[in-house]
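The values are calculated or read from the model by the stated rules, or taken from the named source; none is laboratory data. Just so it is clear, the structure is predicted and the values come from calculations on it, not from any experiment. Positions of Cβ are backbone-derived with ideal geometry, glycine not excepted, and every protein chain shown enters the neighbour counts. Surface accessibility is based on the protein's heavy atoms, side chains included, excluding ligands, DNA and RNA. Shrake-Rupley method; radii C 1.70, N 1.55, O 1.52, S 1.80 Å.
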Amino acid sequence: MALEPRFFLMVSAILFSLGVVGVLTRRGAITILMCVELMLNAGNLAFITFARQAGQQGADGQVYVFFIMTLAAAEAAVGLAIVIALFRLRDTTDVDDVNLLKW
Amino acid sequence: MLDLIWLIPLVPLVGVAINGLWGRRLPLRAVGAIACLAVAVSLLLSIGAVWQLSSLPEGARFHAVSLGTWLPLENLHVAWGFAIDPLSAVMVLVVSGVGFLIHVYSIGYMAHEPDYARFFTYMNLFMAMMLTLVLGDNMLVMFVGWEGVGLCSYLLIGFFYDRPFDARTGLSCADAGRKAFVTNRIGDFAFLIGVLYLAVSYGTLNFASISEAVRHADPASHGMLVAVGILLFLGACGKSAQIPLYVWLPDAMAGPTPVSALIHAATMVTAGVYMVTRMSALYAAAPEAMAVVAAVGALTAIFAATMGITARDIKKILAYSTVSQLGYMFAACGVGAYVAGVFHLMTHAFFKALLFLGAGSVIHGMSDEQDVTKMGGLKAKMPVTFWTMMMATLAISGIPGFAGFFSKDEILAGAWSAGNVWVWGILAAAAGITAFYMFRLIALTFWGRFRGTDEQEHHLHESPTLMTVPLVILAILSVVGGWIGIPAVMTGGADVNLFHHWLAPAITLPGAAHGAAEAAGHGAEAAHSAATEWGLIGLAVAIALVGIFLAVGLYRRGQEAAGRIAASVRPLYNLLRNLYWVDEFYDLVVLRPFYRLSRFFAAFDRWVVDGLVNASGITMDITGQIVKLFQTGYVRNYALMFLFGVVVILAYLVSM
Amino acid sequence: MATLAFFVLAVLAIVSAVVVITHRNPVISAMALAFNLVSIAGFYLLLQAQFIGLLQILVYAGAIMVLILFVVMLLNLRHEPASHRGGLQRWLAILLTAGLVYVLGRAIWTEHAAFPAAPAGFGTVENVGQALFRENFYPFEVISLLLVAAMVGAVLLAKRRL
């Protein structure tokens, strides 16, 4: 059986959903960041699949993935810095303890 | 001067402004002087205008002045117009003349009252409104005055707003004012419908235009004219206290006595008569309406007279008398004797105002006692008051030579010549009763022994000059005022009825075409032989004399004799004493259901209307409480809500 | 052969993702994530995107994972306490995500297409480099600015005293 794009996309969708569940379910800030990375990667996979499908314009797709990776790196760095700052303040990384924005 | 007639109603407004805004800081003398001066200026302007009017030829006595447009509507054009003709001339002289005398009287009478300035402010306001009423050249300007005098009546009746009035019914002075206003309002409602009906039919509310349009009206509009006639008359019933809307006038005696004299004797209550006379062309085309006017007038005349027989409050006796005499005036208009009606309006203004002012003098001297059964023998201590009131009583009883005689006689003659024997009979009987209760009042008040307390006897005194001079002037007018209307039959055919000459051209009589009114009037009178006329006059005088003798005989020495008669006809006596229970009837049939309806609407407003508003508020509150629960503060919950939205949108996009 | 590789890689990726999202210990989660990133790199290779696959390993599995592990060690996180708030959040999340999978699955699985033949030099450094420095030159420069901003931000946020 030959590989079809929809196989890859299905995997991408599953990985993305797993990432979503992780973000909504876990309480540690760093774990949540990891799940976000998971979602971004799933998105990258979809991009590459489409790039491969696109043929000549496919190079652009890979460039976008390049950019996304860069962004993810920057975001991870800044996000972790925030977690560190929060930890210094609250002595915990539990996001449920950061609950002042309510009625 | 004729071009300045618009100033006549406006000058008293200057008095209103000054006394209203600064009256409390001015000395008492100044307040009274300003008020009287304002009226005096109006009086002088009126005299000047009438003088100029009289210099015009007989059929052309009319002058109109317009101050600008009020309603420039497409199908109705109303202007701020004033006009003067013989009818308005009579009214304006009576109003400003008698008004002036009463203002002077009030300076003395109200001297010990607080709120002195407020009184004169209201009095001047009343004068302005009444003069607007009689000088307006269209129905709307007249209506402004009509409503204005109603307002002033309310303000002045309830002048002593914190005092009780009638112990028997529990009415306070404020209640009396309210009663007057509301009753008037009912009449005004009918009046307004009539006015609107006219406006829709003729596209104008100008008196001259309406009269002209009615003269050329086609027979199909007859029903409309009758309806309008009756509607307008209903308004007059309210304002001039006829059946069924007279109930406010006796309770209007809660106001100060000068108010009773001015408003409820001489001027405001005569507005209805003026209006009916002004619309004579309309009534001429609607004989059914005229019949209604005559019937109601005659009935009221005798009905009210009977209530005066048993009344004990000196002012209430005079109030019933006023209602009765107004009935005479309307009966006169109803049978076509408009000139007689207005003549009686004038003479009545003189002697009724005098009677009220005299009553005020008596009350003043009796330290505010108003019950005639507690008076007696005042003749010696209050001679001026006694003799002037005697003049007025003789006039109202129709004794020959006095003013009332000539005017009443003309009304009776008018009724007879119109072929209306019933009206003549009722009015003649009422005349007898009138003479009776008036002399009863005189006898109980001034003759016999003093029946009051020693304290009152000690303070008994004649009133100051400022109060007695107007009494004397009015007494003179009550005597000579009638001499300008002496009928032809008494002068052996010579026509010296000046009043008739003056007024007749301004009135349209039924059956008469253009301008033949005077000839028709005279012709009708001459249709009877002199003998018939003299016979009728004699009969009327005889009836009056019978009434006088009865009264003097019964009451000369107090009420013991009358008391025995009353005891023997207890049911009849009770009927009269309780005023036929008309007020109680109205309360049961009109007021109580109305209050029940009001309470229902109040509850509706509170529960349904307010309930709806409150419900929306409560809904918002509950919604807020629910939505509040979504703001948990936990980031993960917010992310979950985010996901929910994303899934929904994606599903929508995918399904497309 | 390629298909076999694909399914193996798919299983590995999904299992490691599940470990990431379920394991209590953040270090184990990080390890699992690294494993997941490498399998994704495998996918890239399967799709003939060599350069990107290489970058994936270098940048993601290399730099980013190390960074995350650094912070985990720095904060000395051992394990996550259990949630004391009730399971409604968890069940709703799973439910909604299932919905998400369904919606996406429906959109994806109905598209029957095949891979066209790869153009010559697809995925090579040269190809990607051409695309990067020709059409997407400006975004490239801007990205570098973004990196500078991120660096500055990270340093500032993490300082003990400003």
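Descriptive notes on the structure:
- Long-range HN-HN contacts of B:Val78 with modeled amide H, under 5 Å: B:Trp70, B:Leu71, B:Leu73
- Charging the Cβ of each Asp and Glu at -1 and of each Lys and Arg at +1, and nothing else, the dipole of the protein assembly as shown about its Cα centre rounds to 2620 debye.
- Other residues whose C-beta falls under 11 angstrom from the C-beta of C:His112 contribute a net charge of -1, scoring Lys and Arg +1 and Asp and Glu -1.
- Convex hull of Cα atoms in segment B:27-114, direction-averaged projection (nm²): 8.5 nm²
- With each label modelled as a point 7 angstrom along the Cα→C-beta vector, the B:Leu597-B:Gln52 pair spans 5.0 nm.
- Rounded tilt (10° steps) of A:58-90 against the dominant C-alpha axis of chain A: 10 degrees
- DSSP bridge pairs, the protein assembly as shown: antiparallel proportion in percent, nearest 5: 100 percent
- For B:Lys381, the solvent-accessible surface with a 1.4 Å probe is about 100 Å², rounded to the nearest 10.
- For the protein assembly as shown, with +1 on Lys and Arg beta carbons and -1 on Asp and Glu, the positive-most of C:Thr97, B:Phe143, B:Ala392 along the dipole: C:Thr97
- Residue with peak Gaussian network fluctuation, chain A [Cα springs, cutoff 10 Å], from A:Thr25, A:Thr93, A:Thr49: A:Thr25
- Shown for the protein assembly as shown is the translational diffusion coefficient from the Stokes-Einstein equation, using the Kirkwood radius over Cα pairs, a temperature of 37 °C and a viscosity of 0.692 mPa s: 91 µm²/s.
- Cα centroid separation - segment C:97-141 against segment B:83-134, whole Å: 102 Å
- Simple spin-label estimate for B:Asp218 and B:Asp368 in nanometres, 7 Å along Cα-Cβ: 6.6 nm
- Applying 1/(1 + (r/R0)^6) with r as the Cβ-Cβ distance of C:Glu141 and C:Leu88 and R0 = 45 angstrom yields a FRET efficiency of 0.40.
- Ranking by accessible area, most exposed first, for B:Met91, A:Met10 with a 1.4 Å probe: A:Met10, B:Met91
- The charge dipole of chain B, taken about its Cα centre with unit charges on the Cβ of Lys, Arg, Asp and Glu (plus for the first two, minus for the last two), comes to roughly 1540 debye.
- Just so you know, the averaged projected area of the alpha carbon convex hull for segment B:1-76 sits at 7.3 nm².
- Taking amide H atoms as placed 1.01 Å from N in the peptide plane, the amide H of B:Ile399 lies under 5 Å from those of B:Phe405, each 5 or more residues away in sequence or on another chain.
- Shielding score for C:110-122, defined as the mean number of other chain Cβ atoms within 10 Å: 4
- Extreme residue, positive dipole direction of segment B:572-656, given options B:Thr632, B:Asn614, B:Val589 (C-beta unit charges): B:Thr632
- The radius of gyration of the Cα set in segment B:249-404, together with its Dmax, comes out at 16.4, 56 angstrom.
- Relative intensity, log₁₀ I(q)/I(0), of segment B:418-488 from a Debye sum that treats every alpha carbon as a point, q = 0.18, 0.22 Å⁻¹: -1.04, -1.15
- Distance between the modelled labels on B:Ile622 and C:Ala5, one decimal in nanometres: 6.5 nm (7 Å Cα→Cβ projection).
- Accessible surface of B:Ser367 - all protein chains present, 1.4 Å probe, nearest 10 Å²: 60 Å²
- Charge dipole of chain B about the Cα centre (unit charges at C-beta), most positive-ward option of B:Ala291, B:Gly81, B:Leu155: B:Leu155
- Peptide-level mean, for C:136-146, of C-beta atoms on other protein chains within 10 Å: 2
- Among residues other than B:Asn206 with Cβ under 11 Å from its Cβ, the summed charge is -2 (Lys and Arg +1, Asp and Glu -1).
- When B:Val11, B:Val589 are compared by accessible surface with a 1.4 Å probe, the order from highest to lowest is B:Val589, B:Val11.
- Rounded to the nearest 20, the Cβ-based charge dipole of chain A about its Cα centre (Lys and Arg +1, Asp and Glu -1) stands at 80 debye.
- Backbone HN-Hα couplings from phi across segment B:375-392 [Karplus 6.51/-1.76/1.60, Hz, Gly and Pro as x]: 9, x, x, 7, 4, 5, 7, 10, x, 4, 4, 4, 5, 5, 5, 4, 4, 5
- Taking θ as phi - 60° and the Karplus parameters 6.51, -1.76 and 1.60, the scalar couplings of segment B:283-289 work out to 5, 4, 8, 9, x, 4, 5 Hz in sequence order, x denoting glycine and proline.
- Cross-link pairs beyond the 30 Å C-alpha cut-off, checked among B:Lys381/B:Lys408; B:Lys239/B:Lys315; B:Lys239/B:Lys381; B:Lys315/B:Lys381; B:Lys239/B:Lys408; B:Lys179/B:Lys374: B:Lys381/B:Lys408; B:Lys239/B:Lys381
- Dimensionless Rg ratio for segment B:341-416, taking C-alpha atoms and the 2.2 N^0.38 Å reference: 1.27
- Counting charges near B:Ala285 (Lys, Arg +1; Asp, Glu -1) among other residues having Cβ under 13 Å from its Cβ returns a value of -2.
- In this structure the amide hydrogen of B:Thr632, modeled in the peptide plane, comes within under 5 Å of no amide hydrogen from residues 5 or more places off or on another chain.
- Shown in residue order for segment B:471-479 are the 3J(HN,Hα) couplings computed by the Karplus curve 6.51 cos²θ - 1.76 cosθ + 1.60 at θ = phi - 60°: 4, 5, 4, 5, 5, 4, 5, 5, 8 Hz (x for Gly and Pro).
- Gaussian network model of chain A, springs between alpha carbon atoms under 10 Å - residue of A:Arg90, A:Arg26, A:Arg52 with greatest fluctuation: A:Arg90
- Sum of -39500 (n - 2.57) over DSSP H runs of 4+, divided by residues of chain B (222 nm, nearest 500): -22500 deg cm²/dmol
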